[in-house]
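Every number in this text was worked out from the coordinates using simple rules, so none of it is lab data. Because the structure is a prediction, the values reported are computed rather than measured. Ideal geometry is used to build each Cβ from the backbone, glycine not excepted, and the neighbour counts take in all protein chains shown.
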Amino acid sequence: MSDMNVMTPAEMAATKAAVMDQVPGPEVQGQSPLHHADLASLAKAGTVLGAAAGGIQLREHKLLGHLTLRLNPENTDQLAAAERVLGVALPLQPLTSVEKGSYSVRWMSPDEWLILVPGLEAFDVESRFRDEMGGHYSLVNSSGGSTVLELSGADVVELLKRCTPIDLHPTVFPVGKVVSTVFAKSSAIIRRTGEQRFELVIRRSFSDYIWLWLQEVSREFGLVVKA
Amino acid sequence: MTQPNRLQSGGRIDRSKPLTFTYNGKQYKGYQGDTLASAILANGIDVVSRSFKYSRPRGIVAAGAEEPNAILQLGASEATQVPNVRATQQELFNGLVSQATNGWPNVDTDVMSIIGKVGGKMMPPGFYYKTFMFPESLWNTYESLIRKAAGMGRSPLENDPDFYDNVNQHCDVLIVGAGPAGLAAALTVARSGARVILADEQNEFGGNLLSTKETLDGQPASAWVNAVTKELRSYDDVMLLPRSTVNGYHDHNFVTIHERCTDHLSDIAPVNQARQRLHRVRAKWVVLATGAHERPLVYSNNDVPGCMVSGAVSTYINRYGVVPGNALVVTTTNDYGYQSALDWHDAGRKVVAVVDTRANPVGERIEAARQRGIKIITGSAVIEVQGSKRVSGVSVATISADGNKVTGSVTKLGADTVATSGGWSPVIHLSSHTGSRPIWNDEIVGFVPGKTVQKQLTAGGINGCYHTGAVLLEGLNAGLEAVANVGLNAAEVVLPTAEDVKEGAPMTLFHIPHLKPTSQAPKQFVDYQTDVTAAGIELACREGFESIEHVKRYTAMGFGTDQGKLGNINGMAVAAKALNKTIPETGTTIFRPNYTPISFGAIAGRNCGALFDPKRYSAMHMWHVERGAKFEDVGQWKRPWYFPQAGENMQQSLDRECLAVRQSVGILDASTLGKIDIQGKDAREFLGRIYSNAWAKLAVGKCRYGLMCGEDGMVFDDGVSACLGENHFLMTTTTGGAARVLEWLELYHQTEWPELEVYFNTVTDHWSTLTISGPNSRKLLSELTDADVTNENFSFMDWKQITVAGVPARVFRISFTGELTFEINVQANYGMHVWKQLFKAGAQYNLTPYGTETMHILRAEKGFIIAGQDTDGSVHPFDLGMGWCVSNQKPFSYVGKRGMNRQDCIRENRKQLVGIKTKDPKVVIPEGAQAVLDPKAPIPMPMVGHVTSSYWSAHLGHSIAMGFIKGGLTKMGETVYYPLADGTVIEAEICSPIFLDPKGERQNV
């Protein structure tokens, strides 16, 4: 692809949608929505917040590439194109997810998927979608709008029961299941990534609230931040 | 200190663990396993409260949730005060501090009692309605006096040091109550592999089995309880919740459980432990095994301390090793009432007599009493009690077979305790919560649950089934039904064999007759907590209240914190008799959540303090905080309001910020504006239908302001949208309207125009928006980009993709201030970097951060509206003078087109938005001020509009305002007046709302 930064409007119009590499060079450090919380220092110090047992571990996966894909799931050409780009078919079963290498894809609604890729690959993946896929679809880079928290530990289900009305019993919420739901007074995309491990995709502007919330509801279990 | 009423042995208390507690300032001893009530009784304390209306001394009546009198205040410090604690449900702990709540100076010598006795005559039912409602203006005064006199406890004045928890639960079967029915049901469903929650309000499971000496399989019942509990505990999917009251049963089997986690341990919860937890349970099936409450009989002076329900007497003896008196008289209508006499006798104290209303009672318990030599007086009842602060004796008389009259002479017996049993009332509260009307059952003389739409089963006492063997079987059957209902296979459960006690039929009697008519007999209490008497209910019926719901509200029966658990059925019976109806004809009131009072803390959970509501922050928030910004709430966002410097007041700060933008360059964090990414070949068409103005010709690389209306034609949001690609637009919305607008777009797409190929995605959080505005903004931008940002290459209403401070950016040349402006959008992870780089480069231009208030002033100088401030859902674009933003040339219609062409919308003299210039340039009209044409007109003056925006403009050197005036667009130059609340009148001239640069030259350079 040509350098988007020097495209004329006419050239851009030809692409139908405006795609740009939004990530600057390595000289500019990005700040996750929880930059101010300085999780790295907490992790280094090994501080346990709340009960000494430390039954909850929290890890931020920051600055990933977040892409929202919308297309008609009955369009087999588009499904094939998505599979060519991602190396794995889009999950069509509601509330499921798939992973392939460093890519992961979450079913969000009958025509919507959230794709997470390494932060520096977002533009490349986006560009390949634009090259491979025809017809009506939308692909939106939302990398700056969210961050990912991984919660794990013996008490992680107990913790999440205090955050969301969703049933987390393993028979109902097995590994790989994903829901977009109420989280305290905000929302989160919750995916089970292990027996005792969950991934939350949370919105940037709510992330401080959710971080404070998680500290509060972890008091009975103890919260340890991991690097 | 000795405990005069404590037995040497027996009960479920641990005598090796003595505890010290304080009641009304004095220290007492109790034991581990006691409730506060059992410890109070053990110490021989008779009076625990003064009654609500008559200030009569009251003692402990019951042993559980139904207790009406022992409602105490707990707390060792101001911060830990807890009102409304039932002493019968509060476990004793070392250092517990309790206090009776009514009675002044204390419950034993109550100066109010004189007033109460006099006032009592003056306080018939309906007293408040009759007396205190007028004049209405004084109601608040009356209420506080009544409250103080009534003394229902008080809330703490300091913050609660503990934290509370809310937790969501899901299960196949929720079983409420862990008595024999609940345990049998739980065992059945648990063995079948179901997900089970078993909740019970008591500290240990067993229910009524904890209060009796009965056996199961020939062993003490506790052995079976322990074995079942142990087995239940072994299942991963079984959650056992003791100390947990199921307090609300809501629609769709949503049930709330109030768990008291540490209330039994200490005054303040141990560190990092929640004091209480509210479980929010979604259960597929609910089994109510809530048991029954014993019903006291209604006789004269039945509230004197020492009068108790019979089962409570047995509970105190058998469970707590406490005999709450020395000489007992039992008055009963049924066999069960004899049990307290047997237990009392076996504890080694004197049973004076059992008085049975039945002429010829026959049954095993009666036989057992005879064998013990207990005197039995048949065909009689205790018609009156003597004593004030403690029972001193009783009057016994024979009564007619129908129980309506006293037929013989009165015999007086000496006694200090009266145990009463009028039968049992099933605990149907939870089944009532979801609207199910209870049904009267003559056989068991009580109401049982009616039909329900919930997935609900019932077992045991709630059905009027009271024999342990039958109760266990009902539990088992409910369990089997629940297992089948959730689609599992039932495992085998073998029930233990219960004792078979032969019983005679009970007599249906509630209200014991007196020698005198009810209205003249000494008070016969129906509802202890609200001081409702049988005479009061009869009076209410005589005064014309026929519906039981009206009787309830007129007398306040069942209005206490106990919801009339003891008294309601008696009250209905008294009303039925007075109305000459049957009880089913009279009907029953129903119960509402909560079953017993619940603390606000448990309801709030963690949603308090800093977590009361989410606070949303932009990527530059920390910079604003460090810069000392004052913040304004816009929705949940915290937006910088203004950035005061040392020594500045708000207006000085605003003046400085405004002048900086007009003279050099300022910067606004506009990240909170709603941003919606729109893709698809029909994106443009969609915009044309949803906005009132035209979008067909907007070229790629261009931006346009858009106005969004509801179907009624009224403006509800606005913003600039940019054409990013032929099939790609970025819409911006107001900060507060973002979510609503996205839903609006989805609504129209999904329901009206699904054929349009378009997708919407929120990107509000994804982009940081840094708005630099002012004549030097281009120079500043040039410092940070190599791109050509000259007016020739990058003109007004263009957008460009360029690199700013090393970060790829979309820059929009749009303006809300009227100045040359660049809105720099970068991925939010890099927002702070670019913001800081702008300040580094901007020092030479005195780059000045400004907040929402300055933004409001700057846009008002230009006459730009703010949707939600200058609009209120009742103004269409033409009212705003924005007809230029309406296109009627579109091939398809647009939302609001028909609405704004309604007759009322096109009539003359609608309120229209204009500028308002005060005659005195220094005066700023308060926003909201009403406009009149004649300030001397008599009140109420005809009002012709109001001010929506009003500011001091430092740049213009005079005040500016926008507002609505009827027919305002045709009244330019005319004078209007704004009379204020303080009597002054502001004179002003109607003008164009564009106060600055009407040709738009400043933004176009």
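Taking a cut-off of 16 Å between Cα atoms, list the aspartates and glutamates near B:K523, but don't count ones fewer than 8 places away on the same chain.
Here the aspartates and glutamates satisfying the reach criterion relative to B:K523 are B:D303, B:E384, B:D531, B:E538.
Order B:916-924, A:40-48, B:985-993 from most to least packed using the mean count of other Cβ atoms within 10 Å.
Numbers: B:916-924: 16.1, A:40-48: 13.1, B:985-993: 18.6.
Going by the mean number of other Cβ atoms within 10 Å, highest first, we get B:985-993, B:916-924, A:40-48.
Within 10 Å of each Cβ of A:27-40, how many other protein chain Cβ atoms are there on average?
Across A:27-40, the average partner-chain Cβ count within 10 Å equals 4.
Taking the Cα atoms only, what angle lies between the long axis of helix A:122-132 and the longest principal axis of chain A, rounded to 10 degrees?
40
Out of all DSSP beta bridges with both ends in chain B, state the antiparallel percent to the nearest 5. Show your work: numbers first, answer last.
Details: 131 of 177 bridges.
For chain B, the DSSP antiparallel bridge percentage is about 75.
For B:E987 and B:V494, compute 0.36 nm times the residue count separating them, minus their Cα-Cα distance, and round to one decimal in nm. Walk me through the intermediate numbers first.
Numbers: separation 493, 0.36 × 493 = 177.48 nm, distance 9.09 nm.
So the chain would gain 168.4 nm between B:E987 and B:V494.
7 Å from Cα along Cα→Cβ at both B:L515 and B:N580: what's the point-to-point distance in nm?
Going from the B:L515 label point to the B:N580 one covers 2.9 nm.
Among the trypsin sites (Lys or Arg not before Pro) in region B:819-893, which ones are in a DSSP loop with at most 12 other Cβ atoms within 10 Å of the Cβ? Mind listing them? Can you show the working numbers first?
Working: sites: B:K836, B:K840, B:R859, B:K862; in loops: B:K862.
Hits after loop and neighbour filter: nothing returned.
With the cut-off at 1.5 for a/c, could you classify region B:674-762 from its C-alpha gyration tensor as rounded, prolate or oblate?
Working: a/c = 1.37, a/b = 1.15, b/c = 1.19.
The shape class here is rounded.
Using Cβ contacts closer than 10 Å as the measure, can you line up B:S266, B:S380, B:S9 from fewest to most? The partial results should precede the final answer.
On the way: B:S266 16, B:S380 24, B:S9 6.
Starting with the residue having the fewest Cβ neighbours, the order is B:S9, B:S266, B:S380.
Compute the FRET efficiency between B:D14 and B:A505 as 1/(1 + (r/R0)^6), taking r as their Cβ-Cβ distance and R0 = 35 Å, and round to the nearest 0.05. It would help to have the intermediate numbers written out before the result.
Values: r = 41 Å, r/R0 = 1.17.
The calculated FRET efficiency here is 0.30.
For helix B:568-579, what angle does its Cα long axis make with the longest principal axis of chain B, in degrees from 0 to 90 and rounded to 10?
80
Is region B:783-918 best put as rounded, prolate or oblate by its Cα gyration tensor, with a ≥ b ≥ c the root eigenvalues, rounded for a/c under 1.5, and otherwise prolate when a/b is larger than b/c, oblate when not?
On the way: a/c = 2.85, a/b = 1.94, b/c = 1.47.
Because a/c hits 1.5 or more and a/b exceeds b/c, region B:783-918 counts as prolate.
Roughly how many Å is it from the Cα centre of region B:457-520 to that of region B:692-766, as a whole number?
64
Could you check the simple spin-label distance between A:E99 and B:A79, using points 7 Å along Cα→Cβ, in nm with one decimal?
Result for the modelled spin labels: 4.4 nm.
Counting alpha carbon pairs within less than 8 Å and at least 6 residues apart, what relative contact order, in whole percent, applies to region B:152-235?
Values: 77 pairs, mean separation 22.4, N = 84.
The value is 27 percent.
Starting with the fewest neighbours, write out B:W835, B:W440 ranked by other beta-carbon atoms found within 10 Å of each beta-carbon. List each step's numbers first, then the result.
Working: B:W835 24, B:W440 19.
Lowest count first: B:W440, B:W835.
Could you line up B:R233, B:R365, A:R106 from fewest to most neighbouring Cβ atoms inside 10 Å? Mind showing how you got there, number by number?
On the way: B:R233 11, B:R365 22, A:R106 27.
Least crowded to most crowded, the residues run B:R233, B:R365, A:R106.
For A:E195 paired with A:E121, estimate the spin-label separation in nm (one decimal), with each label point 7 Å from Cα along the Cα-to-Cβ line.
Here the modelled spin labels are 2.9 nm apart.
What is the calculated FRET efficiency for B:L157 to B:D251, with r their C-beta to C-beta distance and R₀ = 41 Å, to the nearest 0.05? Each step should come with its number before you reach the end.
Values: r = 37 Å, r/R0 = 0.91.
After rounding to 0.05, the efficiency reads 0.65.
Restricting to Cα pairs below 8 Å that are 6+ residues apart, what does the relative contact order work out to for chain B? Please round to a whole percent.
Answer for chain B is 9 percent.
Per-residue ellipticity at 222 nm for chain B, helices alone: DSSP H runs ≥ 4 residues times -39500 (n - 2.57), over residue total, nearest 500 deg cm²/dmol? All intermediate terms of the calculation are to be shown ahead of the outcome.
Details: 23 runs with 215 residues, N = 1005.
When only DSSP H runs of four or more count, the value is -6000 deg cm²/dmol.
Can you list the aspartates and glutamates whose alpha carbon sits under 13 Å from that of B:K350, skipping same-chain ones fewer than 8 residues off?
Candidates past the 8-residue exclusion: B:D416.
With r defined as the distance between the Cβ atoms of A:K226 and B:M622 and R0 fixed at 22 Å, what FRET efficiency is calculated, to the nearest 0.05?
Numbers: r = 23 Å, r/R0 = 1.06.
With R0 = 22 Å, the Cβ-Cβ based efficiency is 0.40.
Note the full-extension length gain between B:Q651 and B:F600 as 0.36 nm times their separation in residues minus their Cα-Cα distance, in nm to one decimal. Display every interim value, and only then the final one.
On the way: separation 51, 0.36 × 51 = 18.36 nm, distance 4.13 nm.
Stretched fully, the B:Q651-B:F600 segment lengthens by 14.2 nm.
Taking Cα atoms, how many degrees apart are the long axis of helix B:468-485 and the longest axis of chain B, rounded to 10 and kept between 0 and 90?
For helix B:468-485, the angle is close to 30 degrees.
What lysines sit close enough to B:K999 to cross-link, taking a C-alpha to C-alpha distance under 16 Å and skipping anything fewer than 8 places away on the same chain?
B:K862
Do you know the relative contact order of region A:65-144, to the nearest whole percent, from alpha carbon pairs under 8 angstrom that are 6+ apart? Mind showing how you got there, number by number?
Details: 151 pairs, mean separation 35.4, N = 80.
In percent, rounded to a whole number, it is 44.
Under 1.5 on a/c is rounded, so check that first for region B:296-422, then, if it is not, pick prolate when a/b is larger than b/c and oblate when it is not; a ≥ b ≥ c are the square roots of the alpha carbon gyration tensor eigenvalues. Intermediate results must be reported in sequence, preceding the final value.
Details: a/c = 1.75, a/b = 1.17, b/c = 1.49.
Because a/c hits 1.5 or more and a/b fails to exceed b/c, region B:296-422 counts as oblate.
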